[in-house]
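The values are calculated or read from the model by the stated rules, or taken from the named source; none is laboratory data. It should be emphasised that the depicted structure is a prediction, and the values quoted were computed from it without experimental measurement. Please note: Cβ atoms are built from the backbone with ideal geometry, for glycine as well, and neighbour counts cover all protein chains shown.
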Amino acid sequence: MLQGRRVLLAVTGGVAAYKSAFLASRLVEAGAEVKVILTESAGEFIGGQTFAAITGGQPLTSLFGETSVSPHTELARWCDVVIVAPATASTIGKVANGISSDLVSATLLVTQSPVLIAPAMHTEMWEHPATQRNIKTLESDGYLFIGPASGPLAGGDFGMGRMSEPDEIVEAVETILSPDDSALRILVTAGGTREPLDPVRYLGNRSSGKMGHAIADEAARRGFRVTLVTAADMDVLPTVKVVSVETADEMLEAVSGEDADVAIMAAAVADFRPSKLSEGKISRADGLDSIELSPTPDVLASVVARDEKLFVVGFAAETEGVERAIEKALEKKVDLLVYNDVTEPGSGFEGDTNRVVLIDNEGQTDSWPLMSKKEVASLLLDRIVGDLATRG
Ligand SMILES: Cc1cc2nc3c(=O)[nH]c(=O)nc-3n(C[C@H](O)[C@H](O)[C@H](O)COP(=O)(O)O)c2cc1C
């Protein structure tokens with residue numbers, strides 16, 4: 001189950017490089033978005049065009065002068081996981097000693113994502129004290145290893161040093177990326193609630209749910225245990241538990257039933273609902289002079305009141321300026337309030353971008369430039385994780 005996960009496959013110069021083409025293919029079949037980087041020596045064993053055809057993107061081989069100014073930092077931050085397969089003794093040695101002299105080793109020294117290394121080499125190389133020392137260093141630095149196995153090697157030899165099979169590597173990646181029981185529990189709300197007037201009509205708002213869904217996706221991509229309570233109908237990663245709701249009452253009930261460490265309340269919950277729900281469709285002939293409204297439950301307030309330890313992030317889509325939002329952050333007693341002025345270009349409800357100001361529980365602000373909702377989601381999670389670490 002790698003649907004939507006971003007896998008960076010680093011291929012180095014060993015005979016087993018041919019197996020990494022199968023690996024790339026298995027990863028794509030499993031739904032992953034796969035990018036490939038090759039060392040110069042890997043290019044002696046397998047052509048970049050093979051990976052381009054399998055993944056739909058041209059592999060990169062050089063730190064300099066290809067498509068990006070800084071490919072190693074871009075790729076290192078883009079991926080959810082890196083697989084080095086096959087991993088040569090040479091690349092293992094470089095990374096263990098902090099040498100970042102090519103695209104693969106430089107990317108491995110930058111990335112904060114988990115790295116799974118699949119060594120492949122002749123038995124003598126594998127058993128060499130230098131190789132074993134480097135492996136121990138990398139293990140203690142947090143790198144993960146799969147294999148090698150014992151079996152047929154290049155040149156008709158047999159012994160320890162054979163690269164693990166592609167299917168085993170895919171399985172290991174699935175395990176690495178699936179949330180474990182100790183992962184942070186993140187509750188996200190999304191979408192605009194709909195408050196029915198009759199069986200056909202409702203009072204709603206223009207929230208698309210894109211922001212909340214982007215947060216849920218990004219949190220799942222990071223291995224958190226995510227529950228999304230949503231009034232929007234949009235796809236999310238399969239590891240997200242989705243609870244679909246329509247009204248503010250349903251959202252309150254769904255949220256109350258979910259334990260969490262962090263609650264990110266990105267939904268636009270209606271403040272009012274029609275006081276009376278008509279059982280039949282209200283007809284034009286009967287007329288309707290006015291609609292009486294009643295307040296809906298305050299879902300955000302209920303979450304804040306629930307547990308002091310719960311880190312709560314509120315969202316405020318306003319039209320009255322940041323000063324009002326600061327007041328709101330302090331009144332609501334949230335840990336963070338994400339404010340956006342919906343009248344600003346690029347910050348509206350239905351778009352793919354947002355310009356937000358973060359307000360903390362002391363009213364301190366941090367204004368972010370216009371960026372995609374995915375980028376807002378990623379930076380917001382960085383900020384939450386940072387705040388939780390400071391809290392201890
Ligand atoms: C035919 C041939 C096969 C090789 N197979 C391996 C191998 O399986 N594992 C390994 O660590 N090195 C192997 N090497 C040596 C590497 O290609 C060499 O150390 C190279 O510098 C590795 O560079 P890289 O780690 O940047 O890809 C092989 C070399 C040749 C000529």
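For Ser278, indicate whether it is in the same structural domain as Leu203 (by TED's automatic domain parsing), surrounded by fewer than 19 Cβ atoms within 10 Å (Cβ to Cβ), part of a strand (DSSP E or B) and over 25 Å from the mean Cα position of the chain (by Cα).
no
Exactly one of these conditions fails for Ser207: (1) touching a strand residue (DSSP E or B) at 6+ places or on another chain (Cβ under 9 Å); (2) assigned to a helix (DSSP H, G or I); (3) among the polar types (S, T, N, Q). Give me its number.
Against the list (1) touching a strand residue (DSSP E or B) at 6+ places or on another chain (Cβ under 9 Å); (2) assigned to a helix (DSSP H, G or I); (3) among the polar types (S, T, N, Q), Ser207 comes up short only on (2).
For Glu318, which of the numbered conditions (1) within 30 Å of Ser182 (Cα to Cα); (2) at pLDDT below 95; (3) touching a helix residue (DSSP H, G or I) at 6+ places or on another chain (Cβ under 7 Å) fails to hold?
Evaluating Glu318 over (1) within 30 Å of Ser182 (Cα to Cα); (2) at pLDDT below 95; (3) touching a helix residue (DSSP H, G or I) at 6+ places or on another chain (Cβ under 7 Å) leaves (1) as the failure.
Mind counting the residues in the stretch 9-32 that are within 26 Å of the chain's Cα centre (by Cα), within 16 Å of the ligand (Cβ to nearest atom) and buried (at least 24 other Cβ atoms within 10 Å of the Cβ)?
Going through the stretch 9-32 one residue at a time, the tally reaches 5.
Looking only at residues that are closer than 11 Å to Val104 by Cα and hydrophobic (A, V, I, L, M, F, W, C) in the stretch 56-78, which one is surrounded by the fewest Cβ atoms within 10 Å (Cβ to Cβ)?
Selected residue: Leu63.
Has the stretch 354-362 got any residue that is exposed (fewer than 15 other Cβ atoms within 10 Å of the Cβ) and free of Cβ contacts under 8 Å to residues at least 60 places away in the same chain?
Of the stretch 354-362, the ones exposed (fewer than 15 other Cβ atoms within 10 Å of the Cβ) are 362.
With free of Cβ contacts under 8 Å to residues at least 60 places away in the same chain added as a condition, the list becomes 362.
Yes, there is a match, as at least one residue in the stretch 354-362 is exposed (fewer than 15 other Cβ atoms within 10 Å of the Cβ) and free of Cβ contacts under 8 Å to residues at least 60 places away in the same chain.
Just name the residue that is surrounded by the fewest Cβ atoms within 10 Å (Cβ to Cβ) out of those in the stretch 33-55 that are under 17 Å from Met163 (Cβ atoms) and not small (Gly, Ala, Ser).
So the first thing to find is which residues in the stretch 33-55 are under 17 Å from Met163 (Cβ atoms), and the list is 36, 38-39, 41-42, 44-46, 50-51.
Restricting the remaining residues to those that are not small (Gly, Ala, Ser) gives 36, 38-39, 44-46, 50-51.
Details: Val36: 29, Leu38: 27, Thr39: 24, Glu44: 12, Phe45: 18, Ile46: 21, Thr50: 17, Phe51: 25.
This residue is Glu44.
Can you find a residue that is closer than 27 Å to Gly223 by Cα and either polar (S, T, N, Q) or in a helix (DSSP H, G or I) (or both) anywhere in the stretch 114-129? Give the derivation first.
Let us first name the residues in the stretch 114-129 that are closer than 27 Å to Gly223 by Cα, namely 114-119.
Going one step further and asking which of them are either polar (S, T, N, Q) or in a helix (DSSP H, G or I) (or both), we end up with none.
Within the stretch 114-129, none of the residues are closer than 27 Å to Gly223 by Cα and either polar (S, T, N, Q) or in a helix (DSSP H, G or I) (or both).
Could you tell me whether the stretch 209-223 includes any residue that is over 18 Å from the mean Cα position of the chain (by Cα), at pLDDT 95 or above and either at negative phi or assigned by TED's automatic domain parsing to the domain that holds Gly314 (or both)? Talk me through it step by step, then tell me what you get.
Residues of the stretch 209-223 that are over 18 Å from the mean Cα position of the chain (by Cα), as a first pass: none.
For the stretch 209-223, residues over 18 Å from the mean Cα position of the chain (by Cα), at pLDDT 95 or above and either at negative phi or assigned by TED's automatic domain parsing to the domain that holds Gly314 (or both): absent.
When the stretch 370-390 is examined, which residues are found to be touching a residue at least 12 places away in the same chain (Cβ under 8 Å) and farther than 20 Å from Trp78 by Cα?
Listed by number, the residues that qualify are Asp387, Leu388.
For the stretch 88-113, give me each residue that is assigned to a loop (DSSP other than H, G, I, E, B), without any contact (Cβ under 8 Å) to a residue 12 or more places away in the chain and either within 10 Å of the ligand (Cβ to nearest atom) or assigned by TED's automatic domain parsing to the domain that holds Gly223 (or both).
Restricting attention to the stretch 88-113, the residues satisfying the condition of being assigned to a loop (DSSP other than H, G, I, E, B) are 88, 97-102, 111-113.
Checking the rest, the ones that are also without any contact (Cβ under 8 Å) to a residue 12 or more places away in the chain come to 98-99, 101.
Matches in the stretch 88-113: Ser101 only.
What's the number of the condition Ala317 fails, among (1) without any contact (Cβ under 8 Å) to a residue 60 or more places away in the chain; (2) over 23 Å from the mean Cα position of the chain (by Cα)?
Only one criterion is unmet by Ala317, namely (1).
Considering only the stretch 279-312, state which residues are in contact with a strand residue (DSSP E or B) (Cβ under 9 Å, 6 or more places away or on another chain), over 30 Å from Ile186 (Cα atoms) and not aliphatic (A, V, I, L, M). Step through it out loud before you land on a result.
Residues of the stretch 279-312 in contact with a strand residue (DSSP E or B) (Cβ under 9 Å, 6 or more places away or on another chain): 291-296, 299-300, 303-304, 306, 310-312.
Filter once more, keeping what is over 30 Å from Ile186 (Cα atoms): 291-294.
Answer for the stretch 279-312, where residues must be in contact with a strand residue (DSSP E or B) (Cβ under 9 Å, 6 or more places away or on another chain), over 30 Å from Ile186 (Cα atoms) and not aliphatic (A, V, I, L, M): Glu292, Ser294.
If we keep just the residues of the stretch 41-55 that are under 22 Å from Ser105 (Cβ atoms) and among the hydrophobic types (A, V, I, L, M, F, W, C), which is nearest to the ligand (Cβ to nearest atom)? Steps first, please.
First, the residues of the stretch 41-55 that are under 22 Å from Ser105 (Cβ atoms): 41-48, 51, 55.
Next cut, among the hydrophobic types (A, V, I, L, M, F, W, C) only: 42, 45-46, 51.
Working: Ala42: 5, Phe45: 7, Ile46: 11, Phe51: 15 Å.
Going through the qualifying residues, I end up with Ala42.
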